[in-house]
Structures are given as C-alpha cells and as structure tokens.
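Heads up, the thing below is written out as structure tokens.
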Amino acid sequence: MAPILWLWPQASAPDADIDALVADSGNWAMAWLAIAVVMTPLARLSRSVQRALWLRRAVGLAAFGGSLVHLWLYVLAMRAFSEPGGEWALIRDEAFAPGILTGWAALALMLPPALTSTDAAMRRLRAAWKRLQRLAWPAAALALVHMAVVHDGFTLALIVTALIAALQLPRFISIRPTRKA
C-alpha cells in the first residue's frame, strides 16, 4: 500500500490534481488485483513465486484498499465540481453510467473476499471460502472495463488484459518448475 498511501498527502495539497490522483490510485489498485489473480498460475512456473504465494492475500487486500482510496479520491474530485455537499448528487447522477457502474460492481465483488480474508473465515467457510475468493476474477474483468471506459485507458487495459490472459496459460498446460539436482 506504500505507493497509494503517498497519494494521501498529495491529495491534501491545495494545488492537487485530484483527477490525476484518481487515475493513479485506480491504476495501482488494478495492478495489485492483476498480480493477485496471476500469482497461482505463475507459481506453476517458478519456485520463487511458489514461496511467495503466502503474499497473495496481502496483495488482494492491497488491491481492495487501493480501490477504497480510489473511491475516496473520486468523492474528492466530485466535491471539486460541486457546491459543498453536492458531490453526492453528482455521484448518484452518474452512478449508472456504464463506466462508473463497472467500477461500483468491481468494488462490490471485491468486498466479500476482502471481508473473508482471515484464517478464521477460511476455517468457517471451508470449500465455500475458495469460491468466494474467486470473485476476484469478475472483479478484475469489471475493473479493466472501468479502466478502459472511464480513465481513457484502453491501451493500458488491453495490455493488462493480455498479460493476465498470457499468465493464465500455466493453468491449462502442464508446466512445472524444474527441480534442482
């Protein structure tokens, strides 16, 4: 979360470019979400990634935290375009625009995995826990659509999509890391 926490003091500056900070926070959140969903297939290719799989939960939570910071900065941006207290009307008015709706849906899909990312939840939910964690996939797809439409990031969204898709190949082909002799 360190890069995204740096956005906090920047947003507090009187001359802050809130729109740029909104885009930056969304890009960081998307990066962490993409990393979280590709860690398992990458572990099939690399022993070092296998050893780092314990970080997947933290990376997913960083993606969710980054998304919350993205939302906070979005509210600040709406405040800049409205009279005091009027940001909620602006947010409500554009909530069902396709680009914005995909962002809300992605955040909603990330909430259950984030809330159940504890050892206790894993024990209580058993097999259902893994299905719940797989909500990260549709959340990532919706976040990519949101990135492409709202933040004019078609090129970036396509690159991230291609990377995620390519890194999923180990799930479908039999590749195992080599053992050292």
Inset, instruction - Find how much the distance from Ser46 to Phe81 grows on full extension, using 0.36 nm per residue of separation minus their present alpha carbon separation; answer in nm with one decimal. - result: 7.8 nm
Legend entry - Furthest towards positive pole of dipole, Ile35, Ser82, Ile18, structure part the chain, Cβ charges: Ile35
Legend entry - Which of Glu94, Glu87 has the fewest Cβ neighbours within 10 Å, and the rest in rising order: Glu94, Glu87
Legend entry - Virtual spin-label span in nm between Met122 and Thr155, 7 Å along Cα→Cβ: 4.1 nm
Legend entry - Which of Asp93, Asp19, Asp24 has the fewest Cβ neighbours within 10 Å, and the rest in rising order: Asp93, Asp19, Asp24
Inset, instruction - Could you give the DSSP H helices of the chain that reach 27 angstrom or more along their long axis (alpha carbon positions) and whose average Kyte-Doolittle hydropathy is no lower than -0.5? - result: 18-43, 56-80
Inset, instruction - Mind jotting down a quarter of the surface of the convex hull over the alpha carbons of region 1-69, in square nanometres, one decimal? - result: 4.6 nm²
Inset, instruction - Sort Leu107, Leu115, Leu61 so the one with the fewest other Cβ atoms within 10 Å of its own Cβ comes first. - result: Leu115, Leu61, Leu107
Legend entry - Furthest towards positive pole of dipole, Leu125, Trp137, Ala63, structure part the chain, Cβ charges: Leu125
Inset, instruction - Among [x] 0.94; [y] 1.12; [z] 1.02, find the value of Rg/Rh (Cα atoms, Kirkwood Rh) that was calculated from the structure presented, and write down its label. - result: [z]
Legend entry - Only Lys, Arg (+1) and Asp, Glu (-1) charged, at Cβ; the chain dipole about Cα centre in debye: 1960 debye
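Read-outs: derived from the displayed coordinates by stated rules, not from any lab. The model shown is predicted, which means the values in this text are computed figures rather than measured ones. Using ideal geometry, Cβ is built from the backbone for each residue, glycine included, and neighbour counts are taken over all protein chains shown.
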